[in-house]
Amino acid sequence: MSKDQERTGGFILVAAMAAVMWLVEVYDAVGGDPDSAGIRPRNPDGLVGVAASPFLHGSWGHLIGNTIPFLILGMIIAVGGLARVAAVTGIVALVGGLGTWLTAPSNTIVIGASGLIFGYATYLLARGVYTHRALHLVGGLVVLAVYGTTLLFSLVPTPGVSWQAHLFGGIGGVVAARVLHRGRDDVPARGPARQATGLS
């Protein structure tokens with residue numbers, strides 16, 4: 001698969017995930033009950049929400065508010081290709097979902113894509129630390145400038161909002177950057193050409 005095909009596949013994956021979010025909300029609006037599949041803290045049945053919760057939203061406003069940053073940040077990551085955006089999404093969903101399942105209040109159901117969004121943001125912030133690429137460092141600063149205040153305020157306990165999902169989603173983004181980029185030389189080599197391995 002060529003670089004352009006990998007990138008196109010990444011864009012399609014991000015768009016498809018957003019489309020699923022909207023389809024699920026349509027199903028909810030016509031009388032379904034998908035939100036019950038969200039994360040139920042420390043309930044074994046609630047572990048399915050680790051995978052399902054990013055696609056579930058409490059209202060159209062909740063969904064719209066998450067869709068825009070999800071698409072923007074997801075598409076930026078997708079420039080690195082299908083494998084990159086899939087790996088980041090999987091790591092963030094796993095770390096963020098399990099962290100939320102372990103620490104959120106009992107007898108609640110946690111839903112929404114904000115954990116993924118904060119994971120995407122912190123991945124883009126942390127990536128440049130490991131790649132040392134000027135473009136990644138500048139991109140991280142732009143993300144910090146645009147979302148930094150939101151990231152901080154999202155950790156303030158607010159009724160009806162899971163700061164745990166935000167916190168652990170953000171931690172998942174840093175973990176993803178470390179796993180995918182630590183120890184890799186992403187700075188173009190000088191002198192004799194060198195062969196790189198791993199995700200592009």
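The values are calculated or read from the model by the stated rules, or taken from the named source; none is laboratory data. Predicted model, so just to flag it, every value in this text is computed and none were measured. When we count neighbours, we look across all protein chains shown, and the Cβ atoms used for this are built from the backbone with ideal geometry, even at glycine.
Can you confirm whether Arg127 is more than 26 Å from Ala52 (Cβ to Cβ), of a type in the set (Lys, Arg), in contact with a helix residue (DSSP H, G or I) (Cβ under 7 Å, 6 or more places away or on another chain) and at pLDDT 95 or above?
Details: more than 26 Å from Ala52 (Cβ to Cβ): yes; of a type in the set (Lys, Arg): yes; in contact with a helix residue (DSSP H, G or I) (Cβ under 7 Å, 6 or more places away or on another chain): yes; at pLDDT 95 or above: yes.
When the stated conditions are applied, Arg127 passes them.
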Across (1) surrounded by fewer than 20 Cβ atoms within 10 Å (Cβ to Cβ); (2) in a helix (DSSP H, G or I), Pro54 clears everything bar (1)
Of those in segment 29-40 that are in contact (Cβ under 8 Å) with a residue 24 or more places away in the chain and surrounded by 18 or more Cβ atoms within 10 Å (Cβ to Cβ), the residue farthest from Ile68 (Cα to Cα) is Arg40
Every pair of residues 6+ apart whose Cβ atoms lie under 8 Å, when the first sits in segment 85-102 and is at pLDDT 95 or above and of a type in the set (Phe, Trp, Tyr) while the second is crowded, with 24+ Cβ neighbours inside 10 Å and assigned to a helix (DSSP H, G or I): Trp101/Gly49
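Here is a list: Ile68, Ile77, Ile91, Ile72. Which entry is assigned to a helix (DSSP H, G or I), within 17 Å of Gly119 (Cα to Cα) and touching a Lys or Arg at 6+ places or on another chain (Cβ under 8 Å)? I'd like the intermediate steps shown before the answer.
Details: Ile68 fails: touching a Lys or Arg at 6+ places or on another chain (Cβ under 8 Å); Ile91 fails: touching a Lys or Arg at 6+ places or on another chain (Cβ under 8 Å); Ile72 fails: touching a Lys or Arg at 6+ places or on another chain (Cβ under 8 Å).
Going through Ile68, Ile77, Ile91, Ile72 in turn, the sole match is Ile77.
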How many residues, within segment 108-142, are closer than 17 Å to Met75 by Cα, surrounded by 21 or more Cβ atoms within 10 Å (Cβ to Cβ) and either in contact (Cβ under 8 Å) with a residue 60 or more places away in the chain or among the polar types (S, T, N, Q) (or both)? 5
Before we move on, is Val50 within 11 Å of the chain's Cα centre (by Cα), on the phi < 0 side of the Ramachandran plot and modelled with pLDDT of 95 or more? no
Given the structure, is Gly31 outside any helix (DSSP H, G or I) and either closer than 28 Å to Gly148 by Cβ or among the hydroxyl-bearing types (Ser, Thr, Tyr) (or both)? no
Output for Cβ contacts, cut-off 9 Å, separation at least six or different chains, first residue closer than 10 Å to Gly81 by Cβ in segment 3-15, second modelled with pLDDT under 95 and among the hydrophobic types (A, V, I, L, M, F, W, C), reads Gly9/Met1
